[in-house]
Structure formats: C-alpha cells, structure tokens
Amino acid sequence: MKGFIVTGTDTDVGKTVFAAGLAQALRASYWKPAQSGLEGETDSQAVSRLAPDADVLPEAYRLATPCSPHEAARIDGVEVEDGALELPATDRPLVVEGAGGLLVPYRKDLLAADLFARWGLPAVVVARTRLGTINHTLLTLEAMRARGIPIAGVAFSGDAEPVAESAIVEIGNVPNLGRLPVLDPLNAQTLADAFAQSIRLDR
Ligand SMILES: Nc1ncnc2c1ncn2[C@@H]1O[C@H](COP(=O)(O)OP(=O)(O)OP(=O)(O)O)[C@@H](O)[C@H]1O
Ligand SMILES: C[C@H](N)[C@H](N)CCCCCC(=O)O
Ligand SMILES: [Mg+2]
C-alpha cells in the first residue's frame, strides 16, 4: 500500500487542509478513521470540497461529540474495534488523517501512534508555525521515533516563522516539506496552487 499518514502537533493545526492538498496532488483516496464532531463540515466533507479529484472513503467511526475519539465513542456507546481500523483497500495512493495529535486515544489502550506504527505508512507531521511549536513538534518526532513510525517530514502551516522552522528541522533532523501559508480565500484552486508551489514531498 502506498500513501501517507497525516498527523500533527495538535488538533486544529491544518491537517485536513494539508491532507486535501496532498490527496488532490496524488489523486489519492482519503480516509479519516474516526471523525469526532459531526456538526458543521466534517473533515471528509472538507476534503471533498478542497480536493475535487480525491476519492473520499467513508470513516470507520462517525462520533457526535467534538472531543477525543475514545471519549466521543464512550458518549455514543460505541465500541472501537481494531478490525474496523485496518487500512481500507484502494487502487489509489491512500492519505490517512489522524484525529488531533500523535498520542490521541481511540480507546484508552489504543493511541493514534499505535495505529500509525501498525499501518507503517510514512507520516507527515503538520506543525503550526506559532510560538510553542518547537516543543510540540520535537516531542512529536521523538515519540514517533520511539515507536518506529516512519517520518516523511514536517509540513508547516501558517505565517512564515523561519527561526522556529529552522530550529525544528535542524534539531529534529527531519525533512522540511515546506509551508502552506494562510490562504484567503481557501478553496480547491488556491490550495492546489499553494501546494504545488510550496510543498516538496517524495511520492
Ligand atoms: N493554509 C490554510 N489557510 C487558511 N485556513 C487554513 C489553512 N490551514 C488550516 N486552515 C483552517 O484552520 C482550521 C483548522 O484546520 P484543519 O481543519 O485543517 O485542522 P486539523 O488539524 O485537521 O484539525 P482536526 O484535529 O480537528 O482534524 C480550519 O478552519 C481550516 O480551514
Ligand atoms: C474534535 C477535534 N476537532 C478532533 N477531531 C479531535 C481532537 C482530540 C484531541 C484530544 C486531546 O489531545 O486532548
Ligand atoms: Mg482535520
């Protein structure tokens, strides 16, 4: 199976936007294993809008409450099963987006990192550029390495912060995949253009 995991330093850092740019560039299938929070646009709906040539697969879990998947599942009375969290079959490259950051629980005994290690796809770490990101990103990289998760690199999201970006890349000894700037408007065209111009990723 070819493809990428898209993880991040936190929730709300731009994983879905990056994953949409990547899925469009690769004409990939996109999969969000667990969507927690169903009000407003879900991540899969955002990818459908932002990546018109991507093939958006159904989520394994659609949970009502916008919180950690383990808790959202408990609230909905849903049992999270390993069998439902196997990578879906597809003829295309697969882009998989985690919920929140690396150590978010899907069950109390099953973290996102456990799934990523099992799946074995190279993972992109999406990191916001604002203050605090050096610590969050280096912690994420260290935890990935401790678990043997292959790292494709770090992709930044937000306004340029060259000092923080270079600290992460040099101290973390990690490929810099580039930075998606804040797009206004954010739509399929502006994202495809920014992705092509700014992101370098061996595919
Ligand atoms: N490059 C960008 N330009 C403009 N807006 C952006 C950009 N990246 C992210 N956003 C906006 O920031 C918000 C958070 O981004 P996004 O949904 O991609 O985060 P996430 O990391 O996927 O969060 P979650 O953990 O909930 O999956 C969204 O409203 C999104 O549209
Ligand atoms: C609801 C949110 N948008 C994400 N889908 C889930 C984020 C879980 C974060 C859990 C945590 O790290 O405290
Ligand atoms: Mg998302």
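Applying the selection to segment 1-41, what residues are among the polar types (S, T, N, Q), in contact with a strand residue (DSSP E or B) (Cβ under 7 Å, 6 or more places away or on another chain) and within 12 Å of ligand 1 (Cβ to nearest atom)? Outline the logic, then answer.
Restricting attention to segment 1-41, the residues satisfying the condition of being among the polar types (S, T, N, Q) are 7, 9, 11, 16, 24, 29, 35-36.
Now narrow it down to the ones that are in contact with a strand residue (DSSP E or B) (Cβ under 7 Å, 6 or more places away or on another chain): 7, 9, 16, 29, 35-36.
Scanning segment 1-41 gives T7, T9, T16, Q35, S36.
With of a type in the set (A, V, I, L, M, F, W, C) and closer than 17 Å to N176 by Cα as the only criterion, which of L131, L103, L138 stands out?
On the way: L131 fails: closer than 17 Å to N176 by Cα; L103 fails: closer than 17 Å to N176 by Cα.
Step by step, each of L131, L103, L138 is checked, and only L138 is of a type in the set (A, V, I, L, M, F, W, C) and closer than 17 Å to N176 by Cα.
Taking the conditions exactly as written (more than 24 Å from A23 (Cα to Cα) and either of a type in the set (A, V, I, L, M) or at pLDDT below 95 (or both)), does L138 satisfy them or not?
Working: more than 24 Å from A23 (Cα to Cα): yes; either of a type in the set (A, V, I, L, M) or at pLDDT below 95 (or both): yes.
So L138 fits the description; yes.
Which members of segment 19-39 meet the condition of being of a type in the set (S, T, N, Q) and within 9 Å of ligand 3 (Cβ to nearest atom)?
Answer for segment 19-39, where residues must be of a type in the set (S, T, N, Q) and within 9 Å of ligand 3 (Cβ to nearest atom): just Q35.
Given the residues A155, A192, A127, A188, which is the only one that is within 30 Å of R74 (Cβ to Cβ), touching a residue at least 60 places away in the same chain (Cβ under 8 Å) and touching a helix residue (DSSP H, G or I) at 6+ places or on another chain (Cβ under 6 Å)? Steps first, answer last, please.
Working: A155 fails: within 30 Å of R74 (Cβ to Cβ); A192 fails: within 30 Å of R74 (Cβ to Cβ); A188 fails: within 30 Å of R74 (Cβ to Cβ).
After applying the criteria, what remains is A127.
Considering only residues of segment 65-81 that are more than 11 Å from ligand 2 (Cβ to nearest atom) and out of contact with any Cys (no Cβ under 9 Å at 6 or more places or on another chain), which is most open to solvent (accessible area, probe 1.4 Å)?
Pass one, segment 65-81, residues more than 11 Å from ligand 2 (Cβ to nearest atom): 73-81.
Next, from what is left, pick out any that are out of contact with any Cys (no Cβ under 9 Å at 6 or more places or on another chain): 73-74, 76-81.
Numbers: A73: 2, R74: 155, D76: 63, G77: 69, V78: 56, E79: 126, V80: 12, E81: 101 Å².
The qualifying residue most open to solvent (accessible area, probe 1.4 Å) is R74.
Kindly evaluate A25 against the criterion of being open to solvent by 10 Å² or more (accessible area, probe 1.4 Å), away from ligand 2 (no atom under 16 Å from the Cβ) and in contact (Cβ under 8 Å) with a residue 60 or more places away in the chain. Write out each step before concluding.
Working: open to solvent by 10 Å² or more (accessible area, probe 1.4 Å): yes; away from ligand 2 (no atom under 16 Å from the Cβ): yes; in contact (Cβ under 8 Å) with a residue 60 or more places away in the chain: yes.
Criteria met by A25.
Can you work out which of the residues in segment 1-22 that are of a type in the set (V, I, T) and in contact with a Leu (Cβ under 6 Å, 6 or more places away or on another chain) is farthest from ligand 2 (Cβ to nearest atom)? First the steps, then the outcome.
Narrowing segment 1-22 to residues of a type in the set (V, I, T): 5-7, 9, 11, 13, 16-17.
Narrowing further to those that are in contact with a Leu (Cβ under 6 Å, 6 or more places away or on another chain): 5, 7.
On the way: I5: 15, T7: 12 Å.
Only one residue tops the list, namely I5.
Quick check on S44: is it away from ligand 1 (no atom under 12 Å from the Cβ), outside any loop (DSSP other than H, G, I, E, B) and among the polar types (S, T, N, Q)?
Values: away from ligand 1 (no atom under 12 Å from the Cβ): no; outside any loop (DSSP other than H, G, I, E, B): yes; among the polar types (S, T, N, Q): yes.
So S44 fails the test.
Tell me which residues, restricted to segment 47-89, are closer than 23 Å to L191 by Cα and in a strand (DSSP E or B).
Residues satisfying the conditions are D55, V56.
May I ask you to say which residue of T11, T7, T16, T42 is open to solvent by 40 Å² or more (accessible area, probe 1.4 Å), within 24 Å of I199 (Cβ to Cβ) and within 16 Å of ligand 3 (Cβ to nearest atom)?
Selected residue: T11, the only one of T11, T7, T16, T42 that is open to solvent by 40 Å² or more (accessible area, probe 1.4 Å), within 24 Å of I199 (Cβ to Cβ) and within 16 Å of ligand 3 (Cβ to nearest atom).
Can we say A84 is buried (at least 21 other Cβ atoms within 10 Å of the Cβ) and either in contact with a strand residue (DSSP E or B) (Cβ under 9 Å, 6 or more places away or on another chain) or not β-branched (V, I, T) (or both)?
On the way: buried (at least 21 other Cβ atoms within 10 Å of the Cβ): no; either in contact with a strand residue (DSSP E or B) (Cβ under 9 Å, 6 or more places away or on another chain) or not β-branched (V, I, T) (or both): yes.
It is false that A84 is buried (at least 21 other Cβ atoms within 10 Å of the Cβ) and either in contact with a strand residue (DSSP E or B) (Cβ under 9 Å, 6 or more places away or on another chain) or not β-branched (V, I, T) (or both).
Filter segment 91-109 down to the residues that are more than 16 Å from ligand 3 (Cβ to nearest atom) and touching an Asp or Glu at 6+ places or on another chain (Cβ under 7 Å) and list them by number.
R92
The values are calculated or read from the model by the stated rules, or taken from the named source; none is laboratory data. Small disclaimer: the values here were computed from a predicted structure and weren't measured. Using ideal geometry, Cβ is built from the backbone for each residue, glycine included, and neighbour counts are taken over all protein chains shown. To get the accessible areas, we keep the full protein, side chains included, count just its heavy atoms, and leave off ligands, DNA and RNA. Shrake-Rupley method; radii C 1.70, N 1.55, O 1.52, S 1.80 Å.
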